[in-house]
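A short write-up of the structure that comes next.
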Amino acid sequence: MPREGLSPCHLKKAKLMFFYTRYPSSSTLKTYFPDVKFNRCVTSQLIKWFSNFREFFYIQMERFARQAAREVLSVARERALRLGRDTELYRILNMHYNKSNDYQVPERFVEVSEVALREFFSAIQSGRDADPCWKKSIYKIICKLDSSVPDNFRLPGCPTDTYRMG
DNA sequence: CTGAAACCTG
DNA sequence: CAGGTTTCAG
């Protein structure tokens, strides 16, 4: 019995899905929320969520990229452009998309994030950020790095749930 | 002219 | 995050 609207659980699930896909299509989303009764509003709300996820993601990338650009020593820059699981940027991302920290952040996401970080850095470094639409080229690169979401996400509830009902 | 995504605000 | 507005491709 599909529920009327989206619950906090659905939000949590959507955030975890972001680890795999930054630009999911509405049709794709429908296959991952079998316990949701889709309609115009629900669909747009889900799309909106991902839009907000991306916004947060890119804001952080730009922030850290500019921070790296300020570093004088090349060694310091390289260190700032590294997005390991022991970095501040990683901590921020994990905190936002995996608040309860009960999901293993896929390596792929860490890689894609670093690509984004470096793209922002090079764009800033070369002064391309003067162009009003300079971010668009970066978005185009990142959207191609989407990967498929694991099949267990197609089940109701979150992959982090210990048990499911029914 | 729409619809999707970015952008801006609260 | 939700709402409203702007931008832009189709």
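The values are calculated or read from the model by the stated rules, or taken from the named source; none is laboratory data. The model shown is predicted, which means the values in this text are computed figures rather than measured ones. Methodologically, a virtual Cβ is constructed for each residue, glycine included, from the backbone with ideal geometry; neighbour enumeration extends over all protein chains shown.
Close contacts from region A:53-64, counting a first residue that is farther than 16 Å from A:Leu81 by Cβ and modelled with pLDDT of 95 or more and a second that is outside any helix (DSSP H, G or I) and among the charged types (D, E, K, R), with Cβ to Cβ under 6 Å and a gap of 6+ residues or different chains, come to A:Arg54/A:Arg22.
When A:Tyr103 is tested against (1) more than 16 Å from DNA strand C (Cβ to nearest atom); (2) modelled with pLDDT of 95 or more; (3) part of a loop (DSSP other than H, G, I, E, B), exactly one condition is not met: (1). Pairing residues of region A:8-36 that are over 19 Å from A:Tyr103 (Cβ atoms) with residues that are of a type in the set (Ser, Thr, Tyr) and in a helix (DSSP H, G or I), at Cβ distances under 9 Å and at least 6 apart in sequence or on separate chains, gives A:Tyr23/A:Tyr139; A:Ser26/A:Thr43; A:Ser26/A:Ser44; A:Lys30/A:Thr43. Taking the criterion of being among the charged types (D, E, K, R), part of a loop (DSSP other than H, G, I, E, B) and within 21 Å of A:Pro24 (Cβ to Cβ), the residues of region A:106-146 that qualify are A:Lys144, A:Asp146. Here A:His96 meets the list (1) part of a helix (DSSP H, G or I); (2) crowded, with 18+ Cβ neighbours inside 10 Å; (3) away from DNA strand B (no atom under 12 Å from the Cβ) almost entirely, failing just condition (2).
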